[in-house]
Amino acid sequence: MTLPGLREAAVDAPRRSEGILGVLEEAADRIAGAAKAATPPRVAAVYAMLASAGALPVALRGGPPPLSPVQYADFATEVIARLETAGLYEEARPLRRALMSGRLPVYDLARSYLLGDLDFVASVSRELGAAEWLVRILAATVAAGSARAVRALLEERGSLPAPAREAVCPVCGRPLAGGQCSFCLYARR
């Protein structure tokens with residue numbers, strides 16, 4: 001099974017799916033910068049150790065950076081605000097309500113999306129009364145930002161692994177196209 005990426009999440013948006021992808025890319029980049037800056041050095045060392053061990057891609061094995069729930073709530077707030085600005089205000093209302101009441105499991109959604117567990121994403125959408133495509137977009141964006149943060153941490157430490165298999169990203173496990181990953185922005189050197 002191919003792990004889903006941002007493009008796959010945006011395709012399901014009932015309207016404005018082309019414009020949504022740009023919004024998601026910007027949000028993922030901002031999340032990556034914030035997550036990288038907030039990740040403790042000891043966690044970066046664990047990611048580097050996982051990269052040197054090989055096997056599963058690093059972000060799949062190590063998960064999103066272990067930041068506070070408040071930081072992950074901030075990431076969700078940014079994604080929701082960008083969706084609202086893109087004209088999806090009514091659609092995003094259930095996510096905003098769940099976030100404000102503390103019922104939106106942002107880290108768990110990101111972790112599940114990284115692993116390709118869309119059943120968990122669907123169950124959260126049912127529980128919140130939100131459209132599944134919208135919860136998938138939120139999960140995909142935070143997961144992509146997290147994977148990009150992991151990649152940036154590995155690059156900073158000089159620990160970025162080479163692909164073990166030709167067509168698979170060693171950071172997030174998504175397909176490589178021309179040696180590049182559109183999810184975590186890995187580029188083969």
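The values are calculated or read from the model by the stated rules, or taken from the named source; none is laboratory data. Quantities reported herein were computed from a predicted structural model and do not represent experimental measurements. FYI the Cβ positions are ideal-geometry reconstructions off the backbone, even for glycines, and counts take in every protein chain you see. Just so you know, the surface numbers come from the protein's heavy atoms only, side chains and all, with ligands and any DNA or RNA stripped out. Shrake-Rupley method; radii C 1.70, N 1.55, O 1.52, S 1.80 Å.
Size check on the chain: the Cα extents along the three principal axes, sorted descending, read 45, 32, 26 Å. Across Val46, Val168, Val106, the residue with the most accessible area heads the list, and the full order at a 1.4 Å probe is Val46, Val168, Val106.
What separates the Cα centres of the range 24-91 and the range 101-131 is a distance of 15 Å.
Heavy-atom accessible area with a 1.4 Å probe sorts Arg82, Arg42, Arg61, Arg148, largest first, into Arg42, Arg61, Arg82, Arg148.
These residues, Glu132, Glu8, go from largest to smallest accessible area, 1.4 Å probe, as Glu8, Glu132. For Val168, nonlocal amide neighbours, meaning residues 5 or more places apart or on other chains whose placed amide H falls under 5 Å from its own, are Leu176. The Rg/Rh ratio of the range 1-81, with both radii computed over alpha carbons and Rh defined as the Kirkwood radius, is 1.03. For the Cα trace of the range 82-153, dividing Rg by the Kirkwood Rh returns an Rg/Rh value of 0.98. What is the list of residues in the range 117-134 whose amide nitrogen lies under 19 Å from a point 7 angstrom out from the Cα of Ala73, following Cα to Cβ? Correct set: 128. Across the range 24-39, computed HN-Hα scalar couplings (Karplus, 6.51 cos²θ - 1.76 cosθ + 1.60, θ = phi - 60°) run 5, 4, 4, 5, 4, 5, 5, 4, 4, x, 5, 5, 4, 5, 8, 6 Hz from first to last residue, x flagging Gly and Pro.
So if I place +1 on the C-beta of Lys and Arg and -1 on the C-beta of Asp and Glu, and nothing else carries charge, what would the dipole magnitude of the range 1-128 be about its Cα centre? I want it in debye, nearest 20.
On the way: 14 positive and 15 negative charges, 61 e Å.
Roughly 300 debye, rounded to the nearest 20.
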